[in-house]
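For reference, the structure discussed in these notes is given below.
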Amino acid sequence: MKLQQLRYIWEVAHHDLNVSATAQVLYTSQPGISKQIRLLEDELGVEIFARSGKHLTRVTPAGEAILKVSGEILRKVESIKQVAQEFSNENKGSLSIATTHTQARYALPPIIQDFIQQYPDVSLHMHQGTPMQIAEMAADGTVDFAIATEALDHFNDLIMMPCYRWNRSILVPRTHPLAQRPQPTLEEVATFPLVTYVFGFTGRSKLDEAFKNKGLTPKVVFTAADADVIKTYVRLGLGVGIVATMSIDPEKDSDLVAIDANHLFQSSITKIGFRKGTFLRGFMYDFIQRFAPHLDKNTVDKASQCHSKAELEEIFAGQELPSR
């Protein structure tokens, strides 16, 4: 069994069983990958992939178990490389982050700008996706950090740490009836069509809970993952917008009226996390603290040693988080 073979089956499984696409990513030949997979299967005495002719069709039950262990081995190998890099050149390496549009567009730019200035030899890669995709990328080791509000707590392999609280604002054109209501009720808001985030994005669950607790069924006529897209359709008169307050620019959005909705919705908490067992390099600790100043190295290390969510929650119990 060779490490290269484990890399091949892992990459094939994560490229929709497309051997040709995997070969392009790994800069090798399709026949070479197919041959090594066959050799590994022959050695193990089980099929990792089911086939129809020359095409891979699915991962077998044995393959699922083998891939899980293979992923752990490959992540350990990557950790060994990280350890070596930390001692050979502590300010050189790479950092990959998975996050949502809201974080990438409104929360991260100044953090990343300062980070790159401090660490010019660290290549930074950003992946955007749904909260579930983000959590999966962190859980399987595709990225170093996940930053999001929703879905991250569903993955037991992740160490999730709270960064800051945020809430929402209502956006309407200046001629809209709600423009004259500095503190509208949820019942008033529910009488209008709504334009807001796709379910699962940017604290959407808190919004849905608020209406449900009041026995209200809002008419959501348009959803998007991007606050700027939501604003566009609010301007077109499609409905009342509900967006993260941090996404509102007083100058660029001066044609709209922003109404603070703190009295209507519970605040949400954005978290940053990484897979258990990840070796954190010095610049990784620094990035975390730049994003959330209360998460210093000592606190992150304590969180990393937690064996349960209850232990993790105890570390941050009663801590006052900053608001954005």
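The values are calculated or read from the model by the stated rules, or taken from the named source; none is laboratory data. Since the structure is predicted, the reported quantities are computational estimates derived from the model, not experimental observations. Cβ coordinates were reconstructed from backbone atoms using ideal geometry, including for glycine residues, and neighbour counts include every protein chain displayed. The area values use the complete protein model at the heavy-atom level, side chains included, leaving out ligands, DNA and RNA. Shrake-Rupley method; radii C 1.70, N 1.55, O 1.52, S 1.80 Å.
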Looking only at region 291-324, filter to residues that are polar (S, T, N, Q), out of contact with any Phe, Trp or Tyr (no Cβ under 9 Å at 6 or more places or on another chain) and not in a helix (DSSP H, G or I); which one of those is least open to solvent (accessible area, probe 1.4 Å)? S308
Against the conditions (1) surrounded by fewer than 18 Cβ atoms within 10 Å (Cβ to Cβ); (2) more than 20 Å from S268 (Cα to Cα); (3) out of contact with any helix residue (DSSP H, G or I) (no Cβ under 8 Å at 6 or more places or on another chain), where does H176 fall short? Just the number, please. (1)
Say we look at region 135-169 and pick out the residues that are at pLDDT 90 or above and among the β-branched types (V, I, T); which of these is farthest from L207 (Cα to Cα)? V143
Give the number of residues within region 1-46 that are exposed (fewer than 14 other Cβ atoms within 10 Å of the Cβ) and under 27 Å from the mean Cα position of the chain (by Cα). 3
Strands (runs of 3 or more DSSP E) wholly inside region 183-290 that include at least 1 residues being of a type in the set (S, T, Y) and touching a Ser or Thr at 6+ places or on another chain (Cβ under 7 Å): 194-197, 220-224, 268-275
Residues being in contact with a helix residue (DSSP H, G or I) (Cβ under 6 Å, 6 or more places away or on another chain) and not aliphatic (A, V, I, L, M): count how many of those fall in region 179-197. 2
Top-ranked residue in region 182-209 [being under 15 Å from I269 (Cα atoms) and open to solvent by less than 50 Å² (accessible area, probe 1.4 Å); ranked as modelled with the highest pLDDT]: L207
What pairs can you find where one residue is in region 1-25 and free of Cβ contacts under 8 Å to residues at least 24 places away in the same chain, the other is of a type in the set (A, V, I, L, M, F, W, C) and surrounded by 19 or more Cβ atoms within 10 Å (Cβ to Cβ), and their Cβ atoms are less than 7 Å apart, with a gap of 6+ or different chains? T22/V12; T22/I33; A23/I33
List the residue pairs whose Cβ atoms are under 7 Å apart, where the first residue sits in region 30-51 and is free of Cβ contacts under 8 Å to residues at least 12 places away in the same chain, the second is hydrophobic (A, V, I, L, M, F, W, C) and part of a helix (DSSP H, G or I), and the two are 6 or more positions apart or on different chains. Q30/V19; Q30/A23
Exclusive hit being touching a Phe, Trp or Tyr at 6+ places or on another chain (Cβ under 9 Å) and of a type in the set (D, E), set D208, D228: D208
Could you check how many residues of region 83-108 are buried (at least 17 other Cβ atoms within 10 Å of the Cβ) and within 29 Å of L6 (Cα to Cα)? 6
Could you list all residues from region 129-157 that are open to solvent by less than 10 Å² (accessible area, probe 1.4 Å) and either part of a helix (DSSP H, G or I) or closer than 21 Å to K76 by Cα (or both)? P131, I134, A135, A138, V143, F145, A146, L152
Among the residues of region 79-89, is any in contact with a helix residue (DSSP H, G or I) (Cβ under 9 Å, 6 or more places away or on another chain), at pLDDT 90 or above and farther than 25 Å from N18 by Cα? no
